[in-house]
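Data block below; observations after.
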Amino acid sequence: MRQLAPVLEAWLEKHNQLVEQLKISGFKQTPTNAREGLANLTWMLVKERPDIALIQDDLVVGDEFDVPVRIYHPEPDSSLPVLIYFHGGGHMSGGITVYDPICRKIALATNHIVISVDYRLAPECPYPAGLVDALTVAKNIWTTLEPRDIDYQRELAIAGDSAGGAICATLSHTTQHDPAVEIKKQILIYPSLDYTMQHESVVLNGQGYLLEKEKIEWFFDNYFQNGENRQSLSPLHMAFSNKLPESLVVTAEFCPLRDEGFVYVEKLKHADVAHKHIHFDDMIHAFINMEDLLKESCNKLYREIKEFLCFNA
């Protein structure tokens, strides 16, 4: 029997009542209030912002757009490996500022240099702008770090949650045979992997658990504006080979994206890709943005990320 964490059950009851009141009052979803919603959720429920020894902003130069990034170096006197992080937010919200506390915690937990990416967002910048930015950062991160005289190891991992997980996985699939981009490991946190929304969990968990089916459809309609083939652009339907990076896939029982994560793990297995799957059986989507309510689960997630990155390092 499925059992939601009691603290989430109580929180969601209040949240859903508020959502219903907003709908009755004529609330209309816009990019602005979507961005404010994720920002406010994270600001209210991830209050701890631990100190990091070195934090610097930079631009990764690209052919069509110079991508803003924030560099978190937990031990500036040590040479550390690099983790590029792509934030969540449905390809429409999130950003460096919103994810600042989360990236601080990841840097400290993993003892990696974390590069937080402010990739372009829809609807102003629809597909493929965000993916172009991801590739720009992955290809040019070393030439960005070098002039800053930052001590690093030339060892690259990438990570992302939700839409950031989609960007992360897409980057891994599209560069798996590209010698110019060597990704050692990828971390996908309740990732969006199938833009066709054909899995049972989209319906089962698509109402009442924060991320709702209707909102996912709205996100995707704003992201894909030119009649793209959404199936072919879904990481779940891309080519799988043993050239893919070692993968950590994190799923949550009450997340509408749950099932595509499970199918992705099976495809990794069949392609003989080293992987680990962590399932949180009482969590919802975006729980990393709700840490103050869910300390134990978030601490477990950070521990799992650390163990995955450090194993055989």
Hits in the stretch 224-250 - residues which are part of a helix (DSSP H, G or I) and in contact with a Leu (Cβ under 7 Å, 6 or more places away or on another chain): P235, L236
Checklist (1) closer than 17 Å to F220 by Cβ; (2) under 16 Å from the mean Cα position of the chain (by Cα) applied to Y127, failing item: (2)
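E182: in contact with a Lys or Arg (Cβ under 9 Å, 6 or more places away or on another chain) and without any contact (Cβ under 8 Å) to a residue 40 or more places away in the chain, yes or no?
yes
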Single match in Q56, Q21 (criterion: among the polar types (S, T, N, Q) and either more than 17 Å from I96 (Cβ to Cβ) or surrounded by 15 or more Cβ atoms within 10 Å (Cβ to Cβ) (or both)): Q21
When residues of the stretch 24-43 are limited to those that are β-branched (V, I, T) and at pLDDT 95 or above, the one surrounded by the fewest Cβ atoms within 10 Å (Cβ to Cβ): T32
Hits in the stretch 280-313 - residues which are part of a loop (DSSP other than H, G, I, E, B) and modelled with pLDDT of 95 or more: D281, D282, M283, I284, H285, A286, E291, D292, L293, L294
Answer residue from the stretch 60-71, given it is of a type outside the set (D, E) and touching a residue at least 60 places away in the same chain (Cβ under 8 Å) and is nearest to V117 (Cα to Cα) among those: V69
Condition broken by Y85, with the remaining ones in (1) surrounded by fewer than 21 Cβ atoms within 10 Å (Cβ to Cβ); (2) among the aromatic types (F, W, Y); (3) within 20 Å of Q153 (Cα to Cα) satisfied: (1)
Every residue from the stretch 52-94 that is assigned to a strand (DSSP E or B) and either among the hydroxyl-bearing types (S, T, Y) or at pLDDT below 95 (or both): Y72, Y85
In the stretch 142-156, the residues that are touching a Phe, Trp or Tyr at 6+ places or on another chain (Cβ under 9 Å) and crowded, with 18+ Cβ neighbours inside 10 Å: L145, Y152, L156
Matching entry among K269, K295 (being closer than 22 Å to H87 by Cα, surrounded by fewer than 22 Cβ atoms within 10 Å (Cβ to Cβ) and out of contact with any Cys (no Cβ under 7 Å at 6 or more places or on another chain)): K295
Which numbered condition C103 misses (of (1) over 15 Å from the mean Cα position of the chain (by Cα); (2) crowded, with 22+ Cβ neighbours inside 10 Å): (1)
Complete set of residues in the stretch 169-192 that are part of a helix (DSSP H, G or I), under 17 Å from V263 (Cβ atoms) and of a type outside the set (S, T, Y): A169, H173
Failed item, numbered, when G208 is tested on (1) among the small types (G, A, S); (2) farther than 27 Å from I305 by Cβ; (3) under 19 Å from the mean Cα position of the chain (by Cα): (3)
Members of the stretch 175-193 that are more than 14 Å from the chain's Cα centre (by Cα) and either within 16 Å of A286 (Cβ to Cβ) or among the polar types (S, T, N, Q) (or both): T175, Q176
The stretch 203-223, residues that are within 18 Å of F287 (Cβ to Cβ) and assigned to a helix (DSSP H, G or I): L204, K215, I216
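The values are calculated or read from the model by the stated rules, or taken from the named source; none is laboratory data. These figures come from a predicted structure and were not determined experimentally. Glycine also receives a Cβ, built like all others from the backbone with ideal geometry; neighbour counts cover every protein chain displayed.
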